[in-house]
Amino acid sequence: MKPCVIECELGSLQITTLEIIDFRVGKRLFSVAGDYFEQGDPNKKIVSPRFKELANSWVCGTPSYRNVADALNRIRLEPIGINPTWLRDNVEKDGQKMSKALHEQAEYVLEANGFDKEGNLQPETIIEPAIVTETDEAKAQELEAALKTAADKFNIEGKINTSDFEDPETTVNISIDDVLSNRQATSRPDSPEKGERKYVTNTVVHVEQQNNSYVICDACIKGALSLIMGFLVANGLIGMPLFVFFIDGASDLRGPIEALFAPFNFKIILDWFHLIQKVEQRLSSGMKNYKLRHVFEDEVLKPLLWLGDVSGAIACLKSIPEEAIRSKENITKLIEYLIRNQNYIPCYALRHEIGLRNSSNRVEKANDQVVSARQKNNGMSWSYEGSRGLASVTTTWKNDELKGWSMDGNLRFTFSEQKEAS
């Protein structure tokens, strides 16, 4: 018999656990603490599944570990309560286990279906198309009529190709963004990084198919993309007719997406709000007269880009009078930015009129919930393990998988049963 402490919602329970030992060979055959409760270090406390779920869920929505520890100690009424550092360490370790379990699950699914563990399709693999309802003639005619009406509204001339506009029912929308949080120095107090701006990065992904959604978070773009591919395979979506990626224009996102999804039908759309933000930033530094600049932005440049007329926007930038330019370099950089992203700038006006997305706001909202609410703009800095561990726990909570994880250590890796409103 051996004393053991279990942390649970009621408080700290001290119990006596049993061991079965074969004294003939001096070998332990079974231990309640080690084999049933999975206690590795005898000096560490055992945490009950319900208490783990409660602590992790509160951490996801509360400003600090100290606040969560205070709340838990208030309801448990223990003489020596939960220490915030102990709580933080447990959350971080749980987050690391979640990330590892998710990658193992994705790798298993990928390698069992003709991919390598990073999500690359093997040359000999044949992908069967997903079973989808064929677009009927009435639906096609309805789309064509809606596009014609929208084109007349914006005076768009020429034939419009209906195949450029996806069917939401047979499309998987994927929004990706990187989130930067302030990072602690790797060594203190005399760190060689002292005085430098340091960041820890988390890549957040929002996957949507009709009204179903799932959030993925990983330490890097490469890891996030392998999880995306694993999720698509695991949920029978890899044969869908089209994947649409919404990004903010970062080149470190475009390249990996194009390389990994080259065997599939996909397209990338530059988020409208990031496009306009870039335009405003460059023109603010590039033009002298702010009144003239606002008129140029609102009445010339933005309407052209809203219609997807990148060539027209570039021509207008090149025609800005020299006397109105403060920084030729910023105007040139804006032109180069538009040229680089020309293939990812659609006719936002037509997409908006027929109800298609132009924005990566789904992942922006996920960013706020998974990372930003706790890790940005509050004066704190984070270690790699702390930031990514908490982000993994919060992602699991966002996907409504925290209860299942706490009880049996498994992640569903599928859309939530409860549909999210679009």
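Provide 276, 221 in ascending order of the number of other Cβ atoms located within 10 Å of each residue's Cβ, fewest first. Don't skip to the answer; put the middle values down first.
Values: 276 15, 221 19.
Listing 276, 221 from fewest to most nearby Cβ atoms yields 276, 221.
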task = Provide 217, 8 in ascending order of the number of other Cβ atoms located within 10 Å of each residue's Cβ, fewest first.
result = 8, 217
ask   = For the modelled label position 7 Å from the Cα of residue 300 along Cα-to-Cβ, which residues of the stretch 141-167 have backbone nitrogen atoms closer than 20 Å?
value = none
request  = For the stretch 293-422, just say rounded, prolate or oblate: build the C-alpha gyration tensor, square-root its eigenvalues into a ≥ b ≥ c, call rounded for a/c under 1.5, and beyond that prolate if a/b exceeds b/c, oblate if not.
outcome  = prolate
query = So how much slack lies between residue 139 and residue 311, counting 0.36 nm per residue of separation and subtracting their Cα-Cα distance, in nm?
reply = 58.7 nm
query = Going toward the positive end of the dipole of the chain, with +1 on Lys and Arg Cβ and -1 on Asp and Glu Cβ, which of 389, 113, 243 do you reach last?
reply = 389
note = When 178, 89, 164 are ranked with the fewest other C-beta atoms within 10 Å first, the list becomes 164, 89, 178
query = According to a simple spin-label model (label point 7 Å from Cα along Cα-to-Cβ), what is the distance in nm between residue 262 and residue 48?
reply = 5.5 nm
ask   = How far apart, in nm, are two points set 7 Å out from the Cα along the Cα-to-Cβ line at residue 73 and at residue 162?
value = 6.7 nm
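Take the Cβ-Cβ distance between residue 103 and residue 126 as r, set R0 to 30 Å, and report the resulting FRET efficiency rounded to the nearest 0.05.
The value I calculate is 0.70.
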request  = Considering only DSSP beta bridges where both residues belong to the chain, give the percentage that are antiparallel (nearest 5).
outcome  = 70 percent
remark   = With -39,500 (n - 2.57) per DSSP H segment of 4 or more residues and division by the full residue count of the chain, the 222 nm estimate, nearest 500 deg cm²/dmol, is -13000 deg cm²/dmol
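Using the Cα gyration tensor of the chain, with a ≥ b ≥ c the square roots of its eigenvalues, what is the shape: rounded (a/c below 1.5), prolate (a/b larger than b/c) or oblate (neither)? Provide the component values of the computation, followed by the final result.
Numbers: a/c = 2.63, a/b = 1.72, b/c = 1.53.
Verdict is prolate for the chain.
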Tail weight of P(r) past 21 Å, computed on alpha-carbon pairs of the stretch 273-344, percent = 13 percent
key: Orientation-averaged projected area, Cα convex hull of the stretch 44-181 (nm²)   = 16.5 nm²
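With +1 on each Lys and Arg Cβ and -1 on each Asp and Glu Cβ, how big is the dipole of the stretch 195-332 about its Cα centre, in debye rounded to the nearest 20? If you can, show how the numbers build up before the last one.
Working: 14 positive and 15 negative charges, 57 e Å.
That gives the stretch 195-332 a dipole magnitude of about 280 debye.
Quick one: dipole size for the chain, taken about the Cα centre, charges +1 on Lys/Arg Cβ and -1 on Asp/Glu Cβ, in debye to the nearest 20. Kindly include the intermediate steps, with their values, before the conclusion.
Numbers: 50 positive and 60 negative charges, 364 e Å.
Computed charge dipole of the chain: roughly 1740 debye.
May I ask for the Rg/Rh ratio of the stretch 2-91, computed from Cα atoms with Rh as the Kirkwood radius, given to two decimals?
On the way: Rg = 15.6 Å, Rh = 14.4 Å.
My calculation of the ratio gives 1.08.
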ask   = Spin-label point model (7 Å from Cα, Cβ direction): what's the residue 407 to residue 8 distance in nm?
value = 1.6 nm
ask   = Do any trypsin sites (Lys or Arg not before Pro) in the stretch 323-413 lie in a DSSP loop with no more than 13 other beta carbon atoms within 10 Å, and if so, which?
value = none
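A short reminder: the numbers here are calculations on the coordinates, not readings from a lab. What you are looking at is a predicted structure, and each value in this text was computed from that prediction instead of being measured. Cβ coordinates were reconstructed from backbone atoms using ideal geometry, including for glycine residues, and neighbour counts include every protein chain displayed.
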